[in-house]
1. Compute the Cα gyration tensor for region B:90-190, then decide on rounded, prolate or oblate, letting a ≥ b ≥ c be the square roots of its eigenvalues: rounded whenever a/c is under 1.5, prolate when a/b is larger than b/c in the other cases, and oblate in all that remain.
2. Might you tell me the accessible area per residue for the protein assembly as shown, computed with a 1.4 Å probe and given in Å²?
3. Report B:ILE132's accessible area, 1.4 Å probe, all protein chains in place, as a number in Å² to the nearest 10.
4. Which of these, B:GLU63, B:GLU101, B:GLU37, has the largest mean-square fluctuation under a Gaussian network model of chain B (Cα springs below 10 Å)?
5. Do you know which residues of region B:128-153 lose at least 30 square angstrom of accessible area in the protein assembly compared with their chain on its own, with a 1.4 angstrom probe?
6. Mind pulling the angle between the C-alpha long axis of helix B:7-29 and the longest principal axis of chain B? Nearest 10 degrees, somewhere in 0 to 90.
7. Which whole-number percent is the relative contact order of chain B (Cα, under 8 Å, 6+ apart)?
8. When the Cα centres of region B:8-37 and region A:42-107 are compared, how far apart do they sit, in Å?
There are 2 protein chains.
Amino acid sequence: MPLPRTGPVRSEAARAAILAATAELFAERGYEHLTIEGVAQRAGVGKQTIYRWWRSKGALVAECLMEGRLFGDRLAVPDTGDVRADLEAWLRTVLTLVDAERGLVLSLLGAAAEHAEVAERLDASLTFSASIADRLEAGTGTTANLRPGVAARLADALIGAVVLRALSRQPSADDDAAAMLDALLGPATR
Amino acid sequence: MPLPRTGPVRSEAARAAILAATAELFAERGYEHLTIEGVAQRAGVGKQTIYRWWRSKGALVAECLMEGRLFGDRLAVPDTGDVRADLEAWLRTVLTLVDAERGLVLSLLGAAAEHAEVAERLDASLTFSASIADRLEAGTGTTANLRPGVAARLADALIGAVVLRALSRQPSADDDAAAMLDALLGPATR
């Protein structure tokens with residue numbers, strides 16, 4: 001369906017087409033081989049239209065991430081009632097993704113370091129801090145170091161350790177998720 | 001003293017002059033206002049000479065950091081025998097620096113995200129991970145969550161939390177260092 005020629009409808013349609021094209025190309029080629037030019041072509045818009053809203057590939061992909069278009073709900077923290085097991089499952093998924101899409105993760109970090117707006121958008125979109133802190137809060141008392149009032153700090157430390165791992169370019173070992181959680185949360189108390 | 005005109009002596013002298021000029025200009029103007037052009041002028045070399053060894057301002061400043069030219073030993077972890085107090089003092093210094101030199105810290109993070117060599121150099125130079133892990137190891141048993149085998153993971157989590165703070169652009173509160181350590185290490189046991 002051709003895009004309408006003018007006005008807010010065109011604008012909204014173009015924006016949706018660009019985000020859809022980005023998600024498609026990301027799935028087909030991965031982050032490294034995604035280009036603004038390729039997105040423009042697939043979406044049927046000019047490159048300038050993309051740059052009007054997003055200043056870089058990192059910012060565009062960050063917005064796709066925010067809308068859940070890249071990984072769906074794979075990055076959501078599961079909730080089976082077992083906080084420790086849920087966080088370990090989430091952390092395994094995230095570490096696997098950091099290994100498999102290192103280019104994407106590092107580009108997003110680079111974009112977040114350069115542009116405050118990208119950092120804010122990532123933070124608002126991934127909501128890792130908030131959802132992990134919530135789950136930790138819910139698990140207060142279930143492990144030795146999960147005491148009242150520490151959830152938000154532990155959530156930041158956990159996410160920070162993942163960021164540091166990405167920067168190190170070191171692949172994760174199988175037991176990393178469990179070992180990280182053991183170090184931060186302490187042994188289970190029940 | 002004019003630089004010798006050719007050969008390895010000139011090369012070494014130019015390199016030293018560039019690093020010294022970078023450190024001086026950093027102290028005088030801060031990271032934001034430091035330029036490769038200004039460094040070249042102060043060091044008496046051409047910009048191309050700088051770009052031959054360092055591909056960006058971030059890489060050049062990272063090397064100055066590595067050689068201890070920017071902050072001297074202010075970033076070293078103190079060793080008074082009281083691990084918790086030492087780490088709190090170190091963390092306060094680092095958080096203050098992240099607030100005061102946010103531009104520098106974010107540029108270094110951006111450079112580390114973009115170039116593996118910068119990340120490696122920063123890691124090798126700051127040796128935060130190693131020295132904090134060492135101090136934590138030495139303090140095993142002094143706090144509830146400082147158990148055998150967790151030091152390296154806790155060190156990464158602590159440094160990661162600082163990185164996340166820098167990315168958030170949120171200034172630190174007075175009690176942040178103490179609260180972070182309390183969350184990670186648990187209450188003192190002796």
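The values are calculated or read from the model by the stated rules, or taken from the named source; none is laboratory data. Note that the coordinates shown come from a computational prediction; the quantities given were computed from them, not determined experimentally. Here the Cβ is made from the backbone with ideal geometry for all residues, glycine too, and neighbour counts use every protein chain on show. Calculation scope for accessible area: heavy atoms of the full protein, side chains included, ligands and nucleic acids excluded. Shrake-Rupley method; radii C 1.70, N 1.55, O 1.52, S 1.80 Å.
1. Oblate, since a/c reaches 1.5 and b/c is not below a/b.
2. Accessible area per residue, the protein assembly as shown: 47 Å².
3. 0
4. Checking each option, the largest mean-square fluctuation is seen for B:GLU37.
5. For region B:128-153, once contacts with the other chains are taken into account, B:ASN145, B:ARG147, B:ARG153 lose 30 Å² or more.
6. Helix B:7-29 sits at roughly 60 degrees to that axis.
7. 19
8. First find each Cα centre; the distance between them is then 39 Å.
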